[in-house]
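The values are calculated or read from the model by the stated rules, or taken from the named source; none is laboratory data. Because the structure is predicted, anything quoted here is derived from the model rather than measured. For neighbour counting, all protein chains shown are included, and Cβ atoms are generated from backbone atoms with ideal geometry for every residue, glycine included.
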């Protein structure tokens, strides 16, 4: 993108605190609304809790055994939460939320440096870029996930921001007049580039070097500026990288001889080159994932495309910061599209630069044409209405079904009515924006409406769904069981097995029909049907909590 300074009319001052509130709610709001879910969260958090309790800060251990699926950074961060006596859910998810905020600040800093935005105006993308990122589906989801993905993506974002600073100071990226007055040397940016890249390697492994190096190489290849790109590989950057990343890898490999084979070979090279982890998807898989990840701002990719075509026809893209950011966004998608193992979180590093590009392109579209701005606002409001309608339909079905069978009629009525605001709010915003001809306030208002609905979900839907997807309510319910050594599971998927193990602080054994002794078995309705066939069901089912079936098992015939 070109470097002409953008200037849409200054919106009302209240949009700044409104946007800050939206970012805070989307990233940090009620992180403990639901217990740990899926197979990954309870595994990773078990390792972090064990690290905090044992003081072994080198070897990740799951159920007492070394576990080398991921490097150490997430475990360190979550373990610090346990050391600070946070609840398990907050200790687990706060590192991701803080990392998401760091990524948002990184894109804001990039806009400030390269496009000269003013911090107190949302007419500039300096606050619009972090707002778009923080309120995207990808950021909301992964900021609340107890996984290393957001730590990895934020570290990449900070490293690429540092690399962009090096290139800007070398003249490879033409800066705005407001930013070009910064004539300091590039020692700090180089050191920070290496340090943040080292953090990314500690977060998820050597893929960080491939993503950052590949994006810079793609930019250098297209712009023919290899000399500038090589500056990023300065000895100072490499030294900072080694200081941050190498000590743990060396210590872990010294204490665990199989670490390098298991982690580097199995969980990196074989994960990428073979389908051994059963995550095979078609080559085009990440195309739709990117579109979904940017919701509700996906429509802003259209002005990004138009801006790119304009620069292409003007042949002014070679020194454009926007082209560098586009390479940063494109390379992870290309790289992981070639992988034999694909998961949605793999392209999370592409979302911060895409949010930045969307903010710049949207502001410039508003500058060039009031009609284009009105069309964008209408499209965004329409997308919002569709999403709100889908959410309202989902809540209605939950309220009408068995999910909320234990809730009062007044509670269900309130939760049915509250999502209606999601339908009315964007329509009112569209009318307000079109009537007053102030499209610059549309995105902050829509973002705050999204944040309000996120909080509605946090306060209402997630606690209601908790026993269906998380083991936390079940562990709390059974905390005072008189025979804890005779609690078993039967035919549960691995998400339940890992979750129950975490909250019970031990692995629950699988029940076998050959076990002659009485027991309490946690299972599904299908598992209950199987147990009935064995003739071992004894007593009454406890249906206090939904989600799992509590099955009392009687002694086998002839056993007293």
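Would you mind finding the one in 520, 528 that is assigned to a strand (DSSP E or B) and either assigned by TED's automatic domain parsing to the domain that holds residue 492 or touching a strand residue (DSSP E or B) at 6+ places or on another chain (Cβ under 9 Å) (or both)? Can you show your working first?
Details: 528 fails: assigned to a strand (DSSP E or B).
So the residue among 520, 528 that is assigned to a strand (DSSP E or B) and either assigned by TED's automatic domain parsing to the domain that holds residue 492 or touching a strand residue (DSSP E or B) at 6+ places or on another chain (Cβ under 9 Å) (or both) is 520.
Condition check for residue 552 on (1) in a strand (DSSP E or B); (2) crowded, with 17+ Cβ neighbours inside 10 Å: one failure, at (2). Pairs linking a residue in region 139-150 that is more than 20 Å from residue 355 (Cα to Cα) to a residue that is in a loop (DSSP other than H, G, I, E, B), with Cβ atoms under 6 Å and 6 or more positions apart or on different chains, are 148/70. The sole residue among 72, 98 that is surrounded by fewer than 24 Cβ atoms within 10 Å (Cβ to Cβ) and under 29 Å from residue 167 (Cβ atoms) is 98.
In the condition set (1) farther than 23 Å from residue 330 by Cα; (2) free of Cβ contacts under 8 Å to residues at least 40 places away in the same chain, residue 244 is compliant with all but (2). Mind listing just one residue for me: the one in region 12-53 that is touching a strand residue (DSSP E or B) at 6+ places or on another chain (Cβ under 8 Å) and part of a helix (DSSP H, G or I) and, of those, surrounded by the most Cβ atoms within 10 Å (Cβ to Cβ)? Taking the candidates together, the pick is 46.
Anything in region 499-514 that is free of Cβ contacts under 8 Å to residues at least 24 places away in the same chain and either within 31 Å of the chain's Cα centre (by Cα) or surrounded by 13 or more Cβ atoms within 10 Å (Cβ to Cβ) (or both)? List them, or say none. Please lay out each step first, then the result.
Step one: of region 499-514, the residues free of Cβ contacts under 8 Å to residues at least 24 places away in the same chain are 505-506, 508-510, 512-514.
Passing the criteria: 505, 506, 508, 509, 510, 513.
Taking the criterion of being on the phi < 0 side of the Ramachandran plot and exposed (fewer than 12 other Cβ atoms within 10 Å of the Cβ), would at least one residue in region 236-249 satisfy it? Among the residues of region 236-249, not one is on the phi < 0 side of the Ramachandran plot and exposed (fewer than 12 other Cβ atoms within 10 Å of the Cβ), which makes the answer no. Go through region 281-308 residue by residue and tally those that are over 30 Å from residue 131 (Cβ atoms) and surrounded by 13 or more Cβ atoms within 10 Å (Cβ to Cβ). Summing the residues that are over 30 Å from residue 131 (Cβ atoms) and surrounded by 13 or more Cβ atoms within 10 Å (Cβ to Cβ) in region 281-308 gives 1.
Residue 88 - would you say it is more than 18 Å from residue 350 (Cα to Cα) and touching a helix residue (DSSP H, G or I) at 6+ places or on another chain (Cβ under 7 Å)? Steps first, answer last, please.
Details: more than 18 Å from residue 350 (Cα to Cα): yes; touching a helix residue (DSSP H, G or I) at 6+ places or on another chain (Cβ under 7 Å): yes.
When the stated conditions are applied, residue 88 passes them.
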